[in-house]
Amino acid sequence: MAKRILIKNISYLITMDSDRKILKDCHLIIKDNKINAIGKSLIPKAILSKDIEPSNVEEDSKLDNTNKFVESNNKEDYDEFDEIIDAKDMVILPGFINTHHHLYQNLTRCFSASQDVPLFDWLTTLYPIWSKLEPYDFYISALVGIVELILSGCTTTVDHLYIFPGGQDTVIENELRAVKKSGIRFCLARGSMSLSEEEGGLPPKELVQEEDEILKQCQKLAEEYGEKKSELKNQGKRIQEDNNSNEFQTIKRNREDNNNNNFPKMKSVQEYDNDEFPRIQLILAPTSPFSVTKSLMEKIMELALEFNLKCNTHLAENRQENEFCLERYNQRPFDYMKEVGWIRGNVFFTHTVYLNEDEILKLAKSGVGVSHCPSSNMRLTSGIAPIKEMLDANVNVSIGVDGSSSNDSSNMLAETRMAMLCQRSRGSDKIISTEQTLEMATLGGAKVLGRDDEIGTIEEGKKADIIGFDLNKIEYAGAYENPIGALLLCQPTNVALSIINGRLIVKNGKLLNLDLRKVLRKHRERTKLLLSR
Ligand SMILES: [Zn+2]
C-alpha cells in the first residue's frame, strides 16, 4: 500500500503555482513521493482505511482527486497515514533549490590566508590544499554540506565538482554515497579543468586533467544518467521514482559505515539511480574560461546535446576574468561563450556579474539561466550581479550559495535574503520584491534546471519536496500580519519540517536518521588532517 503523510492545520501555504496562491488553514496529503491533494477538507473518510486491497488502490486515488473527504476528529480515520504532522503556526512552502555549490570546500572554510583576497588570489592560495584532498574527504564534506543545506530549507542541490586530485576515480562515488545517506534531491555538475597555469590558465598542473580523460569520464556518466536523443524519441524514456518505502531500512543498514574510512567501494554510480532515491540529474560543467580549453568547451557541449543534458560554467564573475577573456580570446566572456556554442537553452551560467544590457537581453532570448551567488560575489570583491535587470528582462534566475570557502555558509534561506538585500543596496528605484526573491529560490531554480514540471511549486502531482518554518520563534515575533515576508526580512531560522521526495527528513526541527555530532567530529578531524598534509 502506498505510503501517506498528512500535513494538517497548515497556517500558511505558499504554493508558488501560476497564480502564486497562498492558502490559509488547509491540509496537504502526500502519497509516496508526490503531492496527492491540497485543500481545506482533506481529512479522509474511514473508507480509505488500511484494509484497502491493492486492486482498489486506483479507485481510492479517484476519491482523492475528487476531494471526497469530510472533516473528522475521529482518531481511527487517521490510521491510514504513516505520519501526521501538525503545521499550525507554520509557513509551508516548496523546498529551496540551490543551483551552485562546491561541497568539498567546507573543509577549508574561512582559511586565513585567503580570507581577505579577491577571486584569483583566493583560488591560487587554495588550489594546493585542495590538491591534497583524499577520497573520504569528498564523502564527509558532502554529507556536512548537504545537511547544512537541508536544515536551511534546501531540498534540491547542485554540486559543481571539479577537483579530482591525482585523477582519483572515486571522488564522484564518494560524494554520491553522502547524497544517498542524506536523502536530498541531487544534481551532479561534473566540473573539469584542462587549462593549467603553464598554458596560460589559473590552476596548477596537478589539478588539471587531459581533455581526452575528461571527455571519457563525462561520456561514461552521460551514458549512465543522460537520455540519448534517439532513445528519447523512440521511447520517451524517463527514469521514474515510484516507491521509496525501503529508504529508511537502507539508510539504517548503511549507518554503521559512517565512521569507517575504508567503506566498501561502490560497484557503480548507477546504484544511486534507482526507484528508491530521487533521480540524480547530471550536468556537464567545464569550470570557467580561465581553467578550461576552448576545444573542451565545444566538445562538452556536443556531448551534452547528444545526451540531452544541462551545461553549467562560471561566467563573468569578476573584472579579472573579463580581462583574461579580452587578452586571451579578444572577446568579452559572453562573446566567447557564443563562439563555443554555449548561448543556448540547455545552459546556465554561475555569477554573471559582468554582463551588459545587450548580453542580458540575449540571455533571456536564448533561454540561458543564471545561478546568482551574492555572498560569494561580495566576499571575493567580485561585484554585484544585475539581477533585477535580468528578472525584468525575463531571464531565468536562481540562487546558489556557492562553495563554502567563499561564502563560508551553506544556508539557502540566508542566501535568498542576501540576494534581496544585495539588489536593494544598489540604490535603484526598481525594488526587487520579496515574492520575486522567493521565486528565484524555488520555481526559478526548477526552471534553471529544466525541472519545473516536477519541482519548485506545491501543486497536486508534483514531487513532495516541502519545507516548513515555525512562526513561534523569537526571530518572527511581531511579524503577525506578514508571515511570508518575515521569512526574508527577519533573521533566518532553520526549518521545522523538511520532506524530500515524500520522505520525512526533518521533523520538529530535528534531523532524522543521522547523528550530526558524530559526523561533525569526523569532519573536524579531516580538516585538521588535510591542513597537515
Ligand atoms: Zn563556484
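Values in this text are rule-based calculations from the coordinates and carry no lab data. Computed from a prediction, not measured in an experiment: that's the story for all the values here. Because the Cβ atoms are built from the backbone with ideal geometry, glycine has one as well, and the counts that use them run over all protein chains shown.
In which sequence would LEU504, LEU512, LEU202 go, from the one with the fewest C-beta neighbours within 10 Å to the one with the most? Don't skip to the end; give the middle numbers.
On the way: LEU504 20, LEU512 14, LEU202 23.
Going from least to most buried by this count: LEU512, LEU504, LEU202.
Rounded, prolate or oblate: pick one for region 94-448, where a ≥ b ≥ c are the square roots of the eigenvalues of its C-alpha gyration tensor, a/c under 1.5 means rounded, and failing that, prolate if a/b is larger than b/c, else oblate. Write out the running numbers ahead of the final one.
On the way: a/c = 1.30, a/b = 1.24, b/c = 1.05.
Since a/c stays below 1.5, the shape of region 94-448 is classed as rounded.
Quick one: net charge of GLU415's neighbours, Cβ under 14 Å, K/R +1, D/E -1?
On the way: positive: ARG379, ARG417; negative: GLU148, ASP402, ASP408.
Net of charged neighbours comes to -1.
Evaluate the relative contact order of region 94-448 (contact order divided by residue number), counting alpha-carbon pairs under 8 angstrom at least 6 apart; express in whole percent.
Values: 664 pairs, mean separation 75.7, N = 355.
In percent, rounded to a whole number, it is 21.
Hey, fewest Cβ within 10 Å first, where do ASP429, ASP453, ASP335, ASP465 land in order? Intermediate values should be presented prior to the final figure.
Numbers: ASP429 4, ASP453 11, ASP335 15, ASP465 30.
The order, fewest Cβ neighbours first, is ASP429, ASP453, ASP335, ASP465.
For the charge dipole of region 94-448, defined by +1 on Lys and Arg C-beta atoms and -1 on Asp and Glu C-beta atoms about the Cα centroid, which residue among SER433, TYR354, PRO374 has the Cα displaced farthest towards the positive pole?
It is SER433, whose Cα lies furthest towards the positive end.
Hey, got the dipole for region 156-200? About the Cα centre, +1 on K and R Cβ, -1 on D and E Cβ, debye to the nearest 20? If you can, show how the numbers build up before the last one.
Working: 5 positive and 7 negative charges, 108 e Å.
Dipole size: approximately 520 debye.
Kindly put GLU317, GLU302 in sequence by how many other C-beta atoms sit within 10 Å of each C-beta, fewest to most. All intermediate terms of the calculation are to be shown ahead of the outcome.
On the way: GLU317 27, GLU302 11.
By the 10 Å Cβ count, ascending, the order reads GLU302, GLU317.
Based on Cβ point charges of +1 for Lys and Arg and -1 for Asp and Glu, what charge dipole magnitude is obtained for region 94-448 about its Cα centre, in debye rounded to the nearest 20? Mind showing how you got there, number by number?
Details: 38 positive and 50 negative charges, 158 e Å.
With Lys and Arg at +1 and Asp and Glu at -1, about 760 debye.
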